[in-house]
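Every number here is computed from the coordinates shown, using simple stated rules; none is lab data. Since this is a predicted model, take the numbers as computed values, not measurements. Cβ: placed from backbone, ideal geometry, glycine included. Neighbour counts: every protein chain shown.
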Amino acid sequence: MTVKTFREALNETLHAEMARDSKIIVLGEDVAGGAGGTGVEEAAGGIFGVSSGLFKAFGAERVIDTPISESAIVGAAAGAALAGYRPVAELMFADFIGVSMDQLYNQIAKFRYMFGGKTQCPAIIRMPTGAGMNMGAQHSQTIYPIVTSVPGLKVAIPSNAADAKGLLTTALRGDDPVVFFEHKALYPRKCDVPDGDYLVPFGEAALVREGEHATVVALARMVNFAEKALDALAADGITADLIDPRTTSPLDLDTILESLEATGRLIIVDESNPRCSVASDIAGLVASEGFDLLKAPVQLVTAPHTPVPFARELERAYVPSPDDIAAAVRKVVAY
Amino acid sequence: MTLQKTELLTAYRLMKTIREFEERLHVEIATGAIPGFTHLYSGQEAIAVGVCMHLADDDYIVSTHRGHGHCIAKGCDVIGMMKEIYGRADGLCKGKGGSMHIADFDKGMLGANAIVGGGPPIATGAAIATKLDGNGKVTASFGGDGSSNQGTVFEAMNLAVVLKLPTLFVYEDNGYGEHTGTSYAVGSDDIAGRCAGFGMRAEKVDGADFFAVYDMAGDLFDQLRRGEGPAALECAITRFYGHYEGDPQKYRAKDEVATFRETMDCLRNFRKRVTDEGWLTDAELDAVDTEVMALIDDAVEQSKAAPPPDVSEVLTDVYVTY
């Protein structure tokens, strides 16, 4: 084990996997940076530094700076994957997915199915996501519900550096397309990361914490917020299972249902908007497959049904807080 | 013109196969035997064949909703294609794709595409792959006049120039994007001019003249194979049917198609040229016609008799691993 930041874990995984597999290529806006400028080459290494050093290590052929053209970036990843490569495309911000949406949900997601299983498209589309840095409505969203709903795509949403490494490695060694969300606020966060080969299987939730009175399901940055909430509740003798699904497609519902057999009380925490969300999806699945387990109404702790606001005070109010989570836990425990 | 007699016969056989495949589909679709939406390529055969005659199985193409011609020209199995269009279990894509989603990766055919403008970004990716492989292979990206107005296509052309990719962007201007005329919808009325504006060589040819398409495509592919970056080829052509089968075509003058069948028929042009030049005889061409008609009859008969997919197939092939 070595203590690493989320950013370091991702960067080192890309370095290691590109060294292992010459078919892995990286492309996107400023993944190296500096091309055509008057300054230095590899001036950026990705907007958040995740692809830092790759250009130097693997060269311009495998680390491809692109124009600001999200359809071309994701489409090029699609075509390169069909032609035998393992492209890792970076969208500078998850919000830019809209520009590339056809290539993602009509092309990449559907090739294998509509061509009768005769091909595979191992394209990975990485994207920084999430609010908390006052970047406003078009640079702060957690839009993973949109892609989670699309058959043919897998969706990974790590909440810590170890899972970031394990999930990205699994994605790079698998044969399916993966949309990989990296919460911006997590990049500098550190934790113990296993050394050497480390793979986290998709569709296997992490039981982050065990408890007695409730089941809290949380994703990405909200896992950390839920831990803070549970720390505060411990003073009152309230404990809960904390489950991080880690991938929303496939989704490990079994771990959630098993926890509910013991607790009967469910809180789902998600930074996304509430409608047609991962939170509402899990609530619906539990209602249809685990109704008898529930002793209280399911609580959803989500952002409101609004765009992400800019001002510090507004954004803070938008993002679910540890206090919001604690209040929801208290509510179901008292029900 | 550098084609040998066997190559001329191959070109004719491919064009004739496309024509009869489509003419027969026009008849069969009217009986209600074929589900869904079908877009016929009749009239445009010289473009698919004139371009794809330059390509090997490990060169790539991406195609369009009007893709049967590209598939046949690239070597897809005609019977497997017909079965796919009938939605049969042993169709080229197991009956899961249909007319608009035929692909054959063994033939370098990366898929027809039901999204106008969906293919060119994918073509750039295939070209990145062959460029990395360093094998001198090329990718042809087929699209219509309609696709030339899509932002995805602009992005793909710019990326191809920036990365000097071996991609040929082929634009088949058949006069209409869906039900709207090219002269209305293509603002500049000059698709090749737009392509040139991206910084690539762009040429225009008569799409009803196989030899014009073949020669120019060959010249452009040579440029691609020399590593000199992408190129574009605009082909003026017409389609002999509507946007889709069943299209009442009220947007076309009543005699338009009949006139074009007289004046812009690439098969008729081809036959006249090769017999006038003494390269092939009518008897040799007629023999190909007979072979092709038998193949199409066989394809339709086999497709009608073939079993549909098992319903369990609805759940397979979403992922490689679940």
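Points worth noting:
- What the Cβ-Cβ distance of B:Ala185 and B:Ile115 gives, at R0 = 22 Å and to the nearest 0.05, is a FRET efficiency of 0.80.
- Members of A:Lys165/A:Lys331; B:Lys74/B:Lys272; B:Lys16/B:Lys96; A:Lys4/B:Lys131; A:Lys56/A:Lys184 lying beyond 30 Å, as alpha-carbon distances in this model show: A:Lys165/A:Lys331; A:Lys4/B:Lys131
- P(r) tail, chain A: Cα-Cα pairs separated by more than 25 Å, 51% of all pairs.
- Put in line by how crowded their Cβ is, counting other Cβ atoms within 10 Å and starting with the fewest, B:Cys71, B:Cys93 read B:Cys93, B:Cys71.
- With the simple spin-label model, which puts each label point 7 Å out from Cα in the Cβ direction, the B:Tyr322 to A:Ile68 separation comes to 4.3 nm.
- Footprinting exposure proxy for B:Lys304, A:Lys23, B:Lys83, B:Lys94 (fewest neighbouring C-beta atoms within 10 Å first): B:Lys304, A:Lys23, B:Lys94, B:Lys83
- Per residue of chain A, the DSSP helices (runs of n ≥ 4 H) give a summed -39500 (n - 2.57) that works out to -10500 deg cm²/dmol at 222 nm.
- Reachable aspartates and glutamates from A:Lys154, criterion Cα separation under 14 angstrom, eight or more residues apart if same chain: A:Asp175, A:Asp176, A:Glu204, A:Asp252, B:Asp317
- Seen from a random direction on average, the alpha-carbon convex hull of the range B:242-285 projects onto 4.2 square nanometres.
- In units of the rule-of-thumb radius 2.2 N^0.38 Å, the range A:8-131 shows an alpha carbon radius of gyration of 1.04.
- When only Cα pairs below 8 angstrom with a gap of at least 6 residues are kept, chain A shows a relative contact order of 16 percent.
- Gained length - B:Glu228 relative to B:Lys5, 0.36 nm times residue gap less alpha-carbon distance: 77.1 nm
- In this label model, A:Ser321 and B:Ala258 are separated by 7.9 nm, measuring between points 7 Å along each Cα→Cβ vector.
- Calculated on the alpha-carbon coordinates, the convex hull of the protein assembly as shown measures out at 165 cubic angstrom per residue.
- For B:Gly144, the residues whose modelled amide H falls within less than 5 Å of its own, excluding neighbours fewer than 5 places apart on the same chain, are B:Glu172.
- Averaged over peptide B:310-321, the number of partner chain Cβ atoms lying within 10 Å of each residue's Cβ comes to 5.
- Relative contact order of the range B:5-315, taken over Cα pairs closer than 8 Å and 6 or more residues apart, is 23 percent.
- Partner shielding of B:123-136 amounts to 6, given as the average count of beta-carbon atoms from other chains within 10 Å of each residue beta-carbon.
- Across A:Lys118/B:Lys304; A:Lys110/B:Lys94; A:Lys23/A:Lys110, pairs whose alpha-carbon gap is larger than 20 Å: A:Lys118/B:Lys304; A:Lys23/A:Lys110
- Hits among aspartates and glutamates - C-alpha to C-alpha of A:Lys295 under 17 Å, sequence gap 8 or more where chains match: A:Glu212, A:Asp241, A:Glu258, A:Glu261
- Per-residue average of Cβ from other chains inside 10 Å of B:152-162: 6
- Additional length obtainable on full extension of the chain from B:Asp133 to B:Asp58, 0.36 nm per residue less Cα span: 25.8 nm
- A:Glu313 versus B:Glu313: modelled label distance in nm, points set 7 Å from Cα along the beta carbon direction: 6.2 nm
- Here's the picture: charge each Lys and Arg Cβ at +1 and each Asp and Glu Cβ at -1 in chain B, and of B:Gly75, B:His26, B:Tyr176 the one pushed furthest to the positive end of that dipole is B:Tyr176.
- Put the Cα centre of the range A:138-179 next to the Cα centre of the range B:25-98 and the gap is 35 Å.
- The simple Förster model, with R0 at 25 Å and r as the Cβ-Cβ distance, assigns A:Thr2 and A:Glu212 a FRET efficiency of 0.15.
- For chain B, fraction of C-alpha pairs farther apart than 36 Å, in %: 15 percent
- Net length gained if the chain between B:Ala30 and B:Gln302 were fully extended (0.36 nm per residue, minus Cα distance): 96.1 nm
- Each peptide in A:223-233, B:283-293, A:62-72 receives the mean, over its residues, of other Cβ atoms within 10 Å, and ordering these scores from highest gives A:62-72, A:223-233, B:283-293.
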